[in-house]
Protein chains: 2
Amino acid sequence: MLDFTFQNPAKILFGKDQVPKVGKEVKKFSERILLVYGGGSIKRSGLYDEVTQILKENGVHYEELPGVQANPRITSVREGIRLCRENNLDLVLAVGGGSTIDCAKAIACGFYHDGDPWDFFIRKARVTNALPIGVILTLAATGSEMNGNTVINNDDTMDKKGIGSPRLVPKFSILDPTYTFTVPANQTAAGVVDIISHIFETYFSANNDAYLQDRMCEAVIKTCIHYGPIALKEPENYEARANLMWASTVALNGLLSTGKRTDWATHMIEHEVSAIYDMTHGLGLAILTPYWMEYVLDDSTVEKLADYARNVWGVSGQDNYEVAREGIRNTQEFFKSLGLSTTLKEEGVKEESLETMAKKATEYGPLGNFKKLETSDVLEILKKAYA
Amino acid sequence: MLDFTFQNPAKILFGKDQVPKVGKEVKKFSERILLVYGGGSIKRSGLYDEVTQILKENGVHYEELPGVQANPRITSVREGIRLCRENNLDLVLAVGGGSTIDCAKAIACGFYHDGDPWDFFIRKARVTNALPIGVILTLAATGSEMNGNTVINNDDTMDKKGIGSPRLVPKFSILDPTYTFTVPANQTAAGVVDIISHIFETYFSANNDAYLQDRMCEAVIKTCIHYGPIALKEPENYEARANLMWASTVALNGLLSTGKRTDWATHMIEHEVSAIYDMTHGLGLAILTPYWMEYVLDDSTVEKLADYARNVWGVSGQDNYEVAREGIRNTQEFFKSLGLSTTLKEEGVKEESLETMAKKATEYGPLGNFKKLETSDVLEILKKAYA
């Protein structure tokens with residue numbers, strides 16, 4: 001097990017009727033806040049009315065940044081920073097899914113940065129301070145509600161890049177699973193894949209001595225496999241929505257990656273796909289992951305991939321390669337059963353853009369640790385995933 | 001899944017060569033501290049010399065409270081409070097296992113209490129403030145290194161009682177598995193049982209809808225079953241010691257009990273045994289647990305106990321009762337294989353004290369949630385565990 005430091009002070013308020021607590025939690029830090037949200041879903045669900053009513057009752061002044069897109073844009077971040085500065089706002093409250101939270105985080109640190117907030121993402125600036133961040137989560141997927149990571153798109157450069165800092169960990173996150181009842185099937189499915197993929201990035205690791213963490217990773221994957229189909233069939237099944245929501249948080253709050261060398265190659269490749277095609281992140285991961293698994297399968301990785309197949313899918317057999325391949329097939333079949341595509345072509349990706357993606361994905365060097373991937377490796381994976 | 005609030009800001013520094021960081025971590029809070037430790041083991045291992053040297057190099061003044069016993073006494077707590085007050089110390093650094101940490105916690109809150117620190121444990125006072133607490137852990141067992149719980153013995157009243165408060169969560173805990181290489185076999189074994197038992201208290205729950213948490217509980221139990229025997233055979237096996245150490249922390253840092261109604265009956269019964277007989281806590285739990293499992297097995301609990309047998313021990317079969325009983329047998333056999341006794345009689349417990357224990361264990365009402373236990377139920381379990 002590798003040496004590690006672990007600390008995550010985020011306060012999680014989980015369950016029914018937690019939203020009314022937002023007033024008290026906000027007021028511990030601020031009475032003038034920026035309310036960040038996405039499209040109209042929180043207005044349709046009644047959450048917008050509930051939250052703004054509570055803020056008013058608590059005497060909290062708020063300005064609004066609506067319209068944050070899936071794959072949030074740096075332009076929204078700039079607008080949010082402007083609003084905070086001009087209105088003396090000193091807390092950013094995200095109401096939504098991972099994109100909204102990520103936008104809020106970039107605003108929170110950008111507020112203290114003299115230059116353009118994109119500087120953080122191209123390594124021209126480091127996060128040294130940030131406004132406090134609060135979250136009301138409406139989608140089980142990214143885990144952004146309990147970590148210091150943010151991923152932002154730049155349309156000018158067709159880039160999608162991420163940063164992380166302990167200063168960007170939300171002070172509090174309210175997780176009410178009933179607010180995910182109305183998440184459409186395709187978003188629910190993509191969220192399930194995103195959770196599983198976060199685990200894969202940690203689980204498929206070059207060091208195999210973090211047994212506890214690996215068994216806990218399998219616990220999260222099994223939870224997704226168990227409840228993903230239930231949530232699709234019965235969108236208002238509280239038990240399914242609650243387990244998926246807490247799984248999304250646990251999958252990426254830092255606990256499961258303690259003592260491990262993580263991979264993140266699949267995520268980096270997917271970022272290049274959705275930087276150009278604005279594809280839902282989880283859908284891109286669902287397409288790419290099985291092809292990545294097949295590509296990295298060799299003598300150095302077969303044991304781990306066979307462990308996965310046996311422990312998660314109950315595959316039996318003596319031959320590790322056969323067992324591993326059966327696990328990969330099960331993975332792809334599962335993603336397909338959630339209604340997700342299995343090729344990039346189906347989703348409108350053009351073959352001629354694959355090379356650009358491969359080059360951009362590796363611009364800072366090879367990807368991954370489970371198996372190192374050069375530009376040519378990434379291109380091979382993208383080609384296989386294409387059709 | 002039950003509603004819950006989860007927050008645990010403790011900073012964990014895990015691995016080899018973490019101890020030198022104690023100077024920097026302490027100085028974030030204080031330059032005058034109380035150093036709390038137990039018997040001579042930290043002097044024999046060289047840890048005492050290392051820590052005091054680092055403190056000196058960092059200009060940190062320390063006073064010492066040595067000799068904290070297993071099942072720490074309220075008398076040590078009183079002495080620690082006196083030392084802090086007389087010497088203007090404002091951080092308590094525990095170097096040792098759960099008993100030392102628990103003593104440090106009671107000192108930390110007792111410092112701010114006008115009356116006797118035992119008041120907290122008999123519900124005459126509540127924790128409203130506490131000195132910051134730091135930990136260097138030397139035993140994988142109690143999980144006290146990452147929670148706000150403390151259990152203290154009172155020899156005058158033959159009581160062993162616990163309290164919990166977010167204010168008693170350590171600011172930092174240094175976990176270097178190499179310092180557990182010298183833990184004797186019986187303490188290693190008792191520690192493994194203590195970890196497993198903490199999981200049982202959460203896992204065997206009346207509500208069965210926290211699937212994620214239950215699978216993660218099984219992950220921790222499997223880790224203990226896998227590495228317990230290895231640590232006994234190869235005391236300097238780093239992988240085994242590291243997995244057990246992190247398992248001890250994860251088992252009781254609050255994450256796995258989120259959304260669950262916990263039980264704690266077995267712990268409460270064991271506390272009465274070790275209040276009178278000063279038995280190692282984990283040993284008492286090893287003896288009592290299988291008898292508790294057998295006693296609570298009925299139509300309302302059989303499904304969960306069968307789940308346990310299937311998921312942890314790989315027991316197969318259709319009949320839930322048979323499967324559950326096989327799981328209980330496996331549990332007792334495992335504890336026995338670690339070299340631990342299976343009856344209270346073997347450990348010198350007198351039959352005539354069982355009734356006192358049963359009465360004291362239930363003095364505030366019936367125990368447990370998985371199955372409620374009245375005084376007569378507790379007495380039955382103690383009698384079965386006796387011989």
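As a rough footprinting exposure proxy, the listed residues B:F335, B:F4 were ranked by other beta carbons within 10 Å of their own, and the order from fewest upward is B:F4, B:F335. An ellipsoid equivalent to chain B, defined through the eigenvalues of its Cα gyration tensor, has semi-axes of 34, 23, 19 Å when rounded to whole angstrom and sorted largest first. According to the calculation over all Cα-Cα pairs in the protein assembly as shown, the P(r) per 20 Å bin from zero is 16, 48, 32, 4, 0 %. Relative contact order of chain B, taken over Cα pairs closer than 8 Å and 6 or more residues apart, is 16 percent. Here's the list of aspartates and glutamates a cross-link from A:K171 could span, going by alpha-carbon distance under 16 Å and ignoring same-chain residues fewer than 8 apart: A:E25, A:E31, A:D90, A:D102, A:E145. A:T356 label point (Cα plus 7 Å toward Cβ) to equivalent points in the other copies: 8.2 nm, shortest first.
For the cross-link pairs A:K160/A:K345; A:K28/B:K24; B:K21/B:K160; A:K260/A:K336; A:K260/A:K359; A:K16/A:K43, which exceed 25 Å when the distance is taken from alpha carbon to alpha carbon?
Check vs 25 Å cut-off fails for A:K28/B:K24; B:K21/B:K160; A:K260/A:K336; A:K260/A:K359.
Between copies, the label points at B:G59 (set 7 angstrom from Cα along Cα-to-Cβ) are spaced 4.3 nm, reported in nanometres from shortest to longest. Over segment B:11-179, what is the mean sequence separation of C-alpha contacts under 8 Å (at least six apart), divided by residue count, expressed as relative contact order in percent? Relative contact order of segment B:11-179: 28 percent. Each of B:H61, B:H198 was scored by other Cβ atoms within 10 Å of its Cβ. Arranged with the fewest first, they read B:H61, B:H198. Radius of gyration (Cα atoms) of segment A:184-386, expressed as a multiple of 2.2 N^0.38 Å: 0.97. Debye calculation, C-alpha points only, no solvent: report log10 I(q)/I(0) for segment B:151-294 at q = 0.10, 0.13, 0.18, 0.21 Å⁻¹, in the same order as the q values. Values returned for q = 0.10, 0.13, 0.18, 0.21 Å⁻¹ are -0.36, -0.63, -1.19, -1.43. Rg over Rh for segment A:165-209 works out to 1.11, using Cα positions for both radii and the Kirkwood form for Rh. Scaling the Cα radius of gyration of segment B:247-325 by the globular reference 2.2 N^0.38 Å produces a ratio of 1.26. Between identical copies, the spacing of A:P9 label points, each set 7 Å from Cα toward the C-beta atom, reads 0.4 nm from nearest to farthest.
Taking B:T150, B:T182, B:T142 in turn, the Gaussian network model of chain B (Cα-Cα springs below 10 Å) assigns the largest fluctuation to B:T182. Going by the rotation axis that takes chain A to chain B, pick out the residue of A with the closest C-beta and quote the gap in whole Å. So the chain A residue sitting closest to the axis is A:P9, 2. Based on the Kirkwood radius over alpha-carbon pairs, what is the Stokes-Einstein translational diffusion coefficient of segment B:11-179 at 37 °C with 0.692 mPa s viscosity, in µm²/s? Result for D is 212 µm²/s.
Since every read-out is calculated from the coordinates, none of them should be taken as a lab result. It should be emphasised that the depicted structure is a prediction, and the values quoted were computed from it without experimental measurement. Don't worry about glycine lacking a Cβ; one is built from the backbone with ideal geometry, like all the others, and counts go over all protein chains shown.
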